[in-house]
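First the structure, in the form of structure tokens, and then the observations on it.
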Amino acid sequence: ERLGLTQPTLSSGIKQLESQLGVQLIFRGSRYGGLTPEGQRALVWARQLVGDARTFQLEMRAARYGLTGIVRIAVIPTALTWAAHLSARFAEAHPKVRFTILSKTSSDILKMIDNLEVDAGISYVENEPLGRVTTQPIYRERYSLVANRDSALALQDHVTWADLAGERLCLLTPDMQNRRILNEVFYAAGITPEAQVESSSTIVMVAHVMSGDWVTVLPADMAHFLCDGKPQLTIRPLEGEEVSQAVGLIAPHRDVHTPVLEALLGTAKRLAEGGEFDS
């Protein structure tokens, strides 16, 4: 359906490719059985060839017209404000480049980069395996409590992770790496986190805190972005053992990146230096 082809046309094209290469690319039976080992290798080569062709075209275009085109970036929800910082700074130097920014899980970001569906991602760069990619750290994610100003936690001068035991939690869904990170921190504090509200949206989480006696945990910069100017909300740094995660730009591992992606990696590096990224 995505290719706009009928099934017989696609099958014929695959068989012609198999004939040219002299290998079987897919397992055939009553139903599609997946790629053969040769098919898996052919897929790797195909992605490399498509990427090389795109790099060649963009490099030739950049030599004549400067940097142009559309950059597609997939971003974890907690890093969306930093995606805006990155694209805004990049646009100042390269106004002909447009951006498409999507909110995705960290695992989806890796798949989309691998499948050439996006040009880059912004995600955690140290916590879970990334595979063969290029990374440029941008900032470290540190965490704060967001609570209604009338709650008992908001009235405390100091709040620890252990203080969240028994609270009505709003957290990101379990498929989000941020949730897995927070779960580990809760377990270390002797808490089994039981979120009464789970969402893929930080806005939904903050809206629940505003409307009731829920609490949530957000990266400090995201907490201030969503909560500043809302007097009914209180932000408290979570004290105790230092917890932080490196977040940065992720790009396909290539000997030569497209001119736009090379410039984007450079912008990410300068953004990190301006924010005094501490590794």
For the chain, accessible area per residue (1.4 Å probe, heavy atoms of protein chains only), Å²: 55 Å²
Express the C-alpha Rg of region 75-122 as a ratio against the empirical globular expectation 2.2 N^0.38 Å, rounded to two decimals. 1.17
Within region 38-55: backbone nitrogen closer than 12 Å to the Gln7 label point (7 Å, Cα to C-beta): none
Over the alpha-carbon set of the chain, work out the extent along each principal axis and list the three values in angstrom, largest first. 72, 52, 32
With the contact rule set at Cα under 8 Å and sequence spacing of 6 or more, what percent relative contact order holds for region 165-204? 54 percent
Value in Å of the Kirkwood radius, where region 132-188 supplies the Cα pairs that are averaged: 13.8 Å
Value at 222 nm in deg cm²/dmol, rounded to 500, when DSSP H runs of n ≥ 4 in the chain each add -39,500 (n - 2.57): -13500 deg cm²/dmol
In terms of the Cα gyration tensor, with a ≥ b ≥ c the square roots of its eigenvalues, is region 43-145 rounded because a/c is under 1.5, prolate because a/b exceeds b/c, or oblate? oblate
So, in nm, how far is label Arg270 from label Ile101 when the simple model puts each one 7 Å beyond its Cα toward the Cβ? 1.8 nm
Calculate log10 I(q)/I(0) of region 177-228 for q = 0.14, 0.18, 0.23 Å⁻¹, where I(q) comes from the Debye formula with a single equal point scatterer on each Cα and nothing for solvent. -0.38, -0.63, -0.99
Restricting to DSSP loop positions (anything but H, G, I, E, B) with no more than 16 other Cβ atoms inside 10 Å of their own Cβ, which GluC sites (Glu not before Pro) remain in region 187-249? Glu194, Glu241, Glu242
For the chain, with all protein chains present and a 1.4 Å probe, just round the carbon and sulfur fraction of the accessible area to a whole percent. 52 percent
When a/c reaches 1.5 or more, the comparison of a/b and b/c decides; with that in mind, is region 139-228 rounded, prolate or oblate per its Cα gyration tensor? rounded
Fluctuation leader among Thr135, Thr68, Thr216 - the chain, Gaussian network, Cα springs under 10 angstrom: Thr68
Going through region 81-189, which GluC sites (Glu not before Pro) have at most 10 other Cβ atoms within 10 Å and a DSSP loop state? none
Pick from Leu265, Leu21, Leu86 the residue whose mean-square fluctuation is largest in a GNM of the chain, springs joining Cα atoms under 10 Å. Leu21
Sparsely packed GluC sites (Glu not before Pro) within region 1-53, loop by DSSP, other Cβ within 10 Å at most 11: Glu1
Rotationally averaged projected area of region 174-279 (alpha carbon convex hull; nm²): 9.4 nm²
Extension gain from Gln24 to Leu155, taking 0.36 nm per residue of separation minus the Cα-Cα distance: 40.4 nm
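The values are calculated or read from the model by the stated rules, or taken from the named source; none is laboratory data. What you see is a predicted model; the values in this text were computed from it and never measured. Every residue, glycine as well, gets a Cβ built from its backbone with ideal geometry; the counts of neighbours run over all protein chains shown. Protein only, heavy atoms only, side chains kept; ligands, DNA and RNA dropped before computing areas. Shrake-Rupley method; radii C 1.70, N 1.55, O 1.52, S 1.80 Å.
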